[in-house]
Amino acid sequence: MDVSTLMKVAGIGMIVTVACQILNKAGREEQATLVSITGIVIVLIMLVGEIGTLFESVRGVFGI
């Protein structure tokens, strides 16, 4: 995993956190929830390739 991937995930996390805080203070809890779910989905999409590589490594170690 590259450092750039970690920085992207951290950046998305910070943006989502700030957006959720602003929306919560404005009384828009439903939109804040949607923003947080969207952030999680975006990060998971970014990490799908890395998770696949992890599973392949585990299979290689255990010989499955």
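The values are calculated or read from the model by the stated rules, or taken from the named source; none is laboratory data. All values reported here derive from a predicted model rather than from experimental measurement. In this analysis, Cβ positions are derived from the backbone assuming ideal geometry, glycine residues included, and neighbour counts consider all displayed protein chains. For accessibility, only protein heavy atoms count, side chains too; no ligands or nucleic acids. Shrake-Rupley method; radii C 1.70, N 1.55, O 1.52, S 1.80 Å.
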Some residue of the range 43-59 being basic (Lys, Arg), modelled with pLDDT under 95, over 21 Å from Ser4 (Cα atoms) and outside any helix (DSSP H, G or I): no
Positions within the range 22-64 being surrounded by 13 or more Cβ atoms within 10 Å (Cβ to Cβ) and of a type in the set (Lys, Arg), in sequence order: Arg28
The range 38-64 residues that are farther than 22 Å from Lys8 by Cβ, paired with ones that are modelled with pLDDT under 95 and in a helix (DSSP H, G or I) (beta carbon under 9 Å, 6 or more apart): Ile64/Val58
Neighbours by Cβ (under 8 Å, 6+ apart or cross-chain): first from the range 1-12, β-branched (Val, Ile, Thr); second open to solvent by less than 40 Å² (accessible area, probe 1.4 Å): Thr5/Leu47; Val9/Val43; Val9/Leu47; Ile12/Gly39; Ile12/Val43
Check on Lys25, within 20 Å of the chain's Cα centre (by Cα), modelled with pLDDT of 90 or more and charged (D, E, K, R): no
